[in-house]
Each structure stands twice: as structure tokens, then as C-alpha cells.
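Have a look at the structure below, then the notes.
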Amino acid sequence: MTVALGTALAALGVSALWSMAPESVSRLPISPILVAILLGIGLSGIAQRRPGWQPGLALAAGAVLKLAVMLIGLRLSLAQVGVLGIQALPLVAGALAAGLGITWWLQRTLGLDRKFAALLAVGSAICGASAIAATAPALKTRPEQTAYALACVALFGLTATLLYPWLLEAWLGDSRQIGMVLGAAVHDTAQVTAAAILHEQTFAATETVAAATVTKLLRNLSMLAVIPAVVWWALKGEAETRARPAFPLFVLGFVAFATLRSAGDMLLGESPAWASFLSLGSWLSGLLFAMAMAAIGMQIRLAALRALGPKPAVVALLTAVGMGAVALGIVALVG
């Protein structure tokens, strides 16, 4: 994890130095999240040759990431969580239906293995690597299929992380709507929040992260119902046990920090100490996210995409694009 921490601190340092550059340069901010992603990708070749790095990178991309997501709760009161959740519900339902439907249609059209398609479906539609990890044991997919699905989530999700903030700013311009689309359409929790932070830091927005986080957590909760249904579909005709995905406990942590924020605002109000605590929580969350994204960048394996041919990558790409288009369309319709 030391490598991820060092990369994250380097990313923060690059961002800080950039902000001190002449105004003609610094007026286009460089997000530390973006720098961390790029540094991680740059180090991926070295990381592959250093097996001793892998436990720390896994910790940074796992437990550290979940803690970073939980700390986002300090940005929101429970009332805000409830309002955003109600607004995001039709968007999440539409994006889920689009993701699963597109994958099912492409699987039949291209003749893709049903179990493999199921991995791509849950990874794209629900919560990226977490959904794939919860589904693969029940499906008993081959290791190379699981690795391929994870590579698709990492690569296409990373592409969305880097492109969507600018595209959505041009198309929508409203930070809350942009956050909701990011939460509904980008693959993994880390990628969603990274894209939201990138948008806030680049365009001086204020609501993107909150809206994206609540929308994505709502989408994550769907795994409790959707994964067993997808596994049943993939294993029709086989005597297999249904998946029993574990409840994503970091959601409870997010709610706990939102509860703390609500109680603190009520009891402490404008207290300087409370304001300092919230500021520290925001900075720590940003650091942890930079660590997680650096670790994820180091774990990307482009070779995995070549091993099983282009068809699954086409399915994953078209599913991701379709979910983004549906989410954008719903937001445009409901305003």
C-alpha cells in the first residue's frame, strides 16, 4: 500500500504545483484523481513484475476505497440523501434495465457464452468489479473469463471516468444532473466518484459528488436482487446454487457518516472545530480516492482483453455506451 500512498501524494503534489503555475496555465485545473490514474497506468508494467506490491494494491483498491466512499457521507445530511435517492430511482432503474437488456440481446446476437455474458452484464450494470466478484463463484466461470470481465470494467470504466465529466458538462451543465448520470452509467464505485471529483475540481462544481455517490450506492443495492436473477438466467438447465451476494456494508458506513453530519450540523452549527473536522474528512477522502485510483491503474492488464477475442469487449463497450445514453436521456426528460 506504500506504493499507492506515495503515488497519491505525488498526484496531490503535481496538482498543487499546477495550481501555482501562471494563470494562463492554472485556469485549467488538474485533478489529483486524474494524475493518480495516469501515474498508476504508467506504473502498471512495473507492478506486474513486482508481486510483493499486489497485497497493498488490493488493499488500496478494496478497503481503502470503501473507507473513502464512506467518508463522502460527511458531505451530506440524511435529508439530502433521501431527496437525491428519490430523484435518482427512475434513472437507476432505467440504466439497469438498459444494461441488462443490451447485454442479453448482444449475447444472443453474437453467440457469446451465457456465463461470460452474465459476468459482463453485472459488471457493467451494477457495480463493476464487486458485482463480478460476487457472481463469478456462483457461475464457476473460467479464471480467464473473470479476468477479461474485470479488464473490461477497468478499461471502459476508466475511459468513462476521463471523458464523461467534460462531455456531460457540455451537454447538461447542471452539477446535480451530471452527478446522477455518472452514478447511473459509470461502472465501478471508484470510477464514479473519481469522475465526480474530477468534474467538481475541474469546473468548480458543488453537487456532483453528492449526487453521484447516492445514485451509485442506490445502484449497488440492486445487486441483492439482480445478481441472483442473472445467475438463474445464466445457469438455466444446470443444477447450481443461487448466488447469495453479501450486503455491501460500506453503504452502512456511508449512512453512518451522513448521520454524523446531520447530528453535527444540528448540534454544532457553524463551530470552527466542526468546520475543520469536515474539511479534514474531505481532504482524507480525496487522498484515499487517489490511492485507490492509483492502485486500480496499476492493476490494469491490457493483455487480458486479447486472450478471448474481441466479441466480449464489444458487448461490454456497447453496454456501457447504451447505459450512458439511456441515463442521459432520462435526465433530459425529467429535468
**Complete:** Of the candidates Ala121, Ala131, the one satisfying the condition of being over 22 Å from Phe250 (Cα atoms), in contact (Cβ under 8 Å) with a residue 12 or more places away in the chain and open to solvent by less than 20 Å² (accessible area, probe 1.4 Å) is Ala121
**Request:** Would you mind stating whether Leu198 is modelled with pLDDT of 85 or more, part of a helix (DSSP H, G or I) and closer than 17 Å to Ala36 by Cβ?
**Result:** yes
**Message:** Please go through the range 123-166 and give me each residue that is within 17 Å of the chain's Cα centre (by Cα) and among the polar types (S, T, N, Q), ordered by number.
**Reply:** Ser124, Ser130, Thr159, Thr161
**Message:** Being at pLDDT 85 or above and of a type outside the set (Asp, Glu) is the filter here; which residues of the range 207-217 pass it?
**Reply:** Thr208, Val209, Ala210, Ala211, Ala212, Thr213, Val214, Thr215, Lys216
**Request:** Identify, by number, the condition in (1) farther than 21 Å from Trp233 by Cα; (2) open to solvent by 10 Å² or more (accessible area, probe 1.4 Å); (3) of a type outside the set (A, V, I, L, M) that Pro143 doesn't meet.
**Result:** (1)
**Message:** Any residue that is out of contact with any strand residue (DSSP E or B) (no Cβ under 8 Å at 6 or more places or on another chain), of a type outside the set (S, T, N, Q), at pLDDT 90 or above and over 23 Å from Pro165 (Cα atoms) - is there at least one of those in the range 31-43?
**Reply:** yes
**Asked** Ser222 is checked against (1) open to solvent by less than 10 Å² (accessible area, probe 1.4 Å); (2) within 22 Å of Leu78 (Cβ to Cβ); (3) of a type in the set (Ser, Thr, Tyr) and fails just one. What number does that condition carry?
**Response** (1)
**Asked** Looking only at the range 134-147, which residues are in contact (Cβ under 8 Å) with a residue 24 or more places away in the chain and of a type outside the set (Ser, Thr, Tyr)?
**Response** Ala134, Pro137, Ala138, Leu139, Lys140, Glu144, Gln145, Ala147
**Prompt:** Given the residues Thr189, Thr146, which is the only one that is among the hydroxyl-bearing types (Ser, Thr, Tyr), modelled with pLDDT under 85 and touching a Gly at 6+ places or on another chain (Cβ under 8 Å)?
**Reply:** Thr189
**Item:** Filter result for the condition that a residue is loosely packed, with under 12 Cβ neighbours inside 10 Å, more than 30 Å from Val35 (Cβ to Cβ), at pLDDT below 90 and among the β-branched types (Val, Ile, Thr), over Thr259, Thr241
**Value:** Thr241
**Asked** Does any residue of the range 45-65 turn out to be touching a Lys or Arg at 6+ places or on another chain (Cβ under 8 Å) and surrounded by fewer than 22 Cβ atoms within 10 Å (Cβ to Cβ)?
**Response** yes
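The values are calculated or read from the model by the stated rules, or taken from the named source; none is laboratory data. Not measured: the values here are computed from a predicted model. Neighbour counts are summed over all protein chains in view; Cβ atoms, including those assigned to glycine, are modelled from backbone coordinates with ideal geometry. Side chains are part of the model used for accessible areas, which takes the heavy atoms of the whole protein and leaves out ligands, DNA and RNA. Shrake-Rupley method; radii C 1.70, N 1.55, O 1.52, S 1.80 Å.
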